[in-house]
Amino acid sequence: MLWNLDSRSSSPLHEQIAANVRRAIADGVLEPGERLPPAGELAALLQVNANTALAAYRRLRTEGILEFRRGRGVRVRADSQALSSVTIVVRELLELGRKQGYTASELAQLVAAFGAKQS
Amino acid sequence: MNRKAYTSTVVAPIHVAIGSVLAVLVGTFVFARGGRIWLVALSVVLIAVSAVYLSTVRLGVNAEQIIVSQGPFVLSARVMDVSSVVEATRVDVGWAQVFGIGVPWHWRTSRLTVRPGPTLSLRLVGGERISISTSDPGAALRLLDTGRKHDDQQQ
């Protein structure tokens, strides 16, 4: 997969690394079960601190997109594609909401209200 | 400033499958010949680890360096400078070529091909040739070209 970081962006580097992985999964570039490079190697290639790459991987693990296995490295989880697409949309919604003056909890209430109407 | 990198990890399930079958066969053979249990376990583990090692190829490229490694282990990585690459091309190898059959012989060749299909072929300054299985050789080539153009401009 192709990694792209913009050091002039306001988004932190670890968030940009995580966004690269989310996008690659959503686009089908990364498939479930596929291995990602070790954090140290990725950090060397992207010229960032190893902790930055590790922070990105940890964040994606928390989101349920990646899994760490002892001795087998970092892998994309089987159910990651749906999760990744939803995460991208939620992030975009949060960003748009922030621009329009909504807080995260107000957006959550809106989503819940729409969900209740549809069901 | 944009920082770009390309990474790929190619795993050949056939190597793991062959290794597993071989490990069971050798383990059974050693056991049948009256081998001790530690000897049976050792032979099975050795074959299994070798299969995992031979089944995985990792490639990492940015505008300055290339990281190539066989196996999933971090310590086995080889780091090369982009300026040491004389020629980089994309080739599509067949099953026979994966095992080195039908490939022109050269005294310094490193073959990290684990499956047929897209492969990145590099020729280094010292004459060494390296073939690496990777999912998107085109993306790796674009980054290598960026790095080599940058080197040319500096010179």
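Numbers for the structure displayed
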| item | result |
| --- | --- |
| Region B:43-155: Rg to Rh, with Rh as the Kirkwood radius over Cα pairs | 1.00 |
| Residues B:Leu141 and A:Glu106, FRET efficiency given R0 of 45 Å [Cβ-Cβ distance, rounded to 0.05] | 0.40 |
| Region B:63-69 - phi-based ³J(HN,Hα) in whole Hz, Karplus 6.51/-1.76/1.60, Gly and Pro as x | 6, 10, 9, 10, 10, 10, 8 |
| Label-point gap, in nm, between B:Leu75 and B:Thr109 - each point 7 angstrom along Cα→Cβ | 3.0 nm |
| Alpha-carbon gyration tensor eigenvalues x 5, square-rooted, for region A:64-111, Å | 31, 10, 9 |
| Neighbourhood net charge (15 Å Cβ-Cβ; Lys/Arg +1, Asp/Glu -1) for B:Gln97 | +3 |
| Extension reserve of the A:Val90-A:Asp6 stretch, reckoned as 0.36 nm per residue once the Cα distance is removed | 28.1 nm |
| Ranked B:Arg78, B:Arg148, B:Arg58, criterion: other C-beta atoms within 10 Å, fewest first | B:Arg78, B:Arg148, B:Arg58 |
| Efficiency of FRET between B:Arg90 and A:Lys99 - r from beta-carbon atoms, R0 41 angstrom, step 0.05 | 0.45 |
| Cβ-based exposure ranking for B:Ser121, B:Ser131, in which fewest neighbours within 10 Å come first | B:Ser121, B:Ser131 |
| Local net charge near A:Glu92, Cβ-Cβ under 13 Å (Lys/Arg +1, Asp/Glu -1) | +4 |
| Residues A:Arg69, A:Arg22 arranged by fewest to most Cβ contacts within 10 Å | A:Arg69, A:Arg22 |
| Rounded D (µm²/s) - chain A, Kirkwood Rh over Cα pairs, Stokes-Einstein at 37 °C, 0.692 mPa s | 212 µm²/s |
| Dimensionless Rg ratio for region B:1-100, taking C-alpha atoms and the 2.2 N^0.38 Å reference | 1.47 |
| Volume of the Cα convex hull of the protein assembly as shown, divided per residue and given in Å³ | 185 Å³ |
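We did not get these values from a lab; they are worked out from the coordinates using the rules stated. Values in this document were obtained by computation on a predicted structure and should not be read as measured data. Note: ideal-geometry Cβ built from the backbone for every residue, glycine included; neighbour counts use all protein chains shown.
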